[in-house]
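Worksheet: one structure, shown below.
The values are calculated or read from the model by the stated rules, or taken from the named source; none is laboratory data. These figures come from a predicted structure and were not determined experimentally. Quick reminder, even Gly has a Cβ in these numbers, built from the backbone with ideal geometry, and neighbours come from all protein chains shown. These accessible areas exclude ligands, DNA and RNA; they are computed on the full protein's heavy atoms, side chains included. Shrake-Rupley method; radii C 1.70, N 1.55, O 1.52, S 1.80 Å.
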Amino acid sequence: MAVRSIWKGTISVMGVLSAPVKLYTATSEDKVPLHLVHRDCKSRIQMPRWCMTCNRKLEAGANETMQAYDPGDGTVIPLEEADLEKLPLKSARTIELVAMVPVVNIDQRAFGKSYFLGPDQEWRKGKAVSAGDKPFTILVEAMKGLPGRVAIGKLCRRDREHLVVVMPHGSLLLVQELFYASELKDANEFPNSTAEVTEREVSLGKMLLEQLSEEFRHQDHRDGYTDALKAMLEAKMGGAVVSVGPTETPSQDNDPLAKLEAFLKERKS
């Protein structure tokens, strides 16, 4: 079965190398769908769109709603879909790669959602055909030849222009949205530690962390909350009474040096 794309356009490098491409979601959320219901009869609660002026419910799919901007002075500036489509943005149909940068130079806070970018192919007589396969593959392989660096570009979708990072992933390109610098909060806005520590305490802390050293195996890590919720729902569907277990709270210790030394000494022995 063909995978459904969420955006279609072109990827281009300085207008010299370009290829027709399609964008696909690269992740899927494993989450138990919970709904809001009426406590008495267990019926699902509906959230109708309600016009406060007309005092009536707006029908879904009846073209009764539109987007608008409120500048805060009581006026409303309506926006039709045609207005939004007229915005002069090249990124609406093209991902223009504008820079190749070391990935270590990108603030880790900035990375957002991930997508796959593949060639825009059509199926003809049971075979995938694309005029853009060649330039797309050249771009993928060329990026692989520049390890440690990623491409920066812009992509317009869902009513905004996204700053994106593009990098090779197998025979595809991986696209990751980036928050703009203006969207990143300053760490100085939050409570910062002012405690003074000794070299001995830092050294013991490093030794403690080294006890956790191992190769990262992504598949070994699961969402414990979702697993526990699924198990509880299965138990409830089977008529079992679910008991609440004790919650462990880590002890607070303002003088961790002795505890660190004792723990490491025990592990060493």
note = When segment 37-46 is checked residue by residue, the ones that are open to solvent by 100 Å² or more (accessible area, probe 1.4 Å) and either in contact with a helix residue (DSSP H, G or I) (Cβ under 7 Å, 6 or more places away or on another chain) or assigned to a strand (DSSP E or B) (or both) are 44
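Specify the residue that is least open to solvent (accessible area, probe 1.4 Å); the eligible residues are those in segment 130-169 that are small (Gly, Ala, Ser) and farther than 16 Å from residue 22 by Cβ. First the steps, then the outcome.
Here is the first cut: in segment 130-169, the residues small (Gly, Ala, Ser) are 130-132, 142, 145, 148, 151, 153.
Checking which are farther than 16 Å from residue 22 by Cβ leaves us with 142, 145, 148, 151.
Numbers: 142: 53, 145: 55, 148: 49, 151: 0 Å².
Among residues in segment 130-169 that are small (Gly, Ala, Ser) and farther than 16 Å from residue 22 by Cβ, the one least open to solvent (accessible area, probe 1.4 Å) is 151.
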query = Which of (1) under 30 Å from residue 233 (Cβ atoms); (2) hydroxyl-bearing (Ser, Thr, Tyr); (3) in contact (Cβ under 8 Å) with a residue 12 or more places away in the chain does residue 94 not meet, given it meets every other one?
reply = (1)
query = Do we find that residue 172 is surrounded by 11 or more Cβ atoms within 10 Å (Cβ to Cβ), in contact (Cβ under 8 Å) with a residue 60 or more places away in the chain and closer than 30 Å to residue 115 by Cβ in this structure?
reply = no
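Is there a residue in segment 238-257 that is over 30 Å from residue 106 (Cα atoms) and assigned to a helix (DSSP H, G or I)? Break it down stepwise before answering.
Kept after step one, since they are over 30 Å from residue 106 (Cα atoms), are these residues of segment 238-257: 238-257.
From what's left, assigned to a helix (DSSP H, G or I): 257.
Yes - at least one qualifying residue is present in segment 238-257.
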request  = Restricting attention to segment 18-36, report how many residues are modelled with pLDDT under 90 and either surrounded by fewer than 15 Cβ atoms within 10 Å (Cβ to Cβ) or assigned to a loop (DSSP other than H, G, I, E, B) (or both).
outcome  = 10
key: Count of segment 184-209 residues which are without any contact (Cβ under 8 Å) to a residue 12 or more places away in the chain and in a helix (DSSP H, G or I)   = 8
request  = Considering only segment 198-217, state which residues are within 30 Å of residue 110 (Cβ to Cβ) and open to solvent by 100 Å² or more (accessible area, probe 1.4 Å).
outcome  = 206, 209, 210, 212, 214, 215, 216, 217
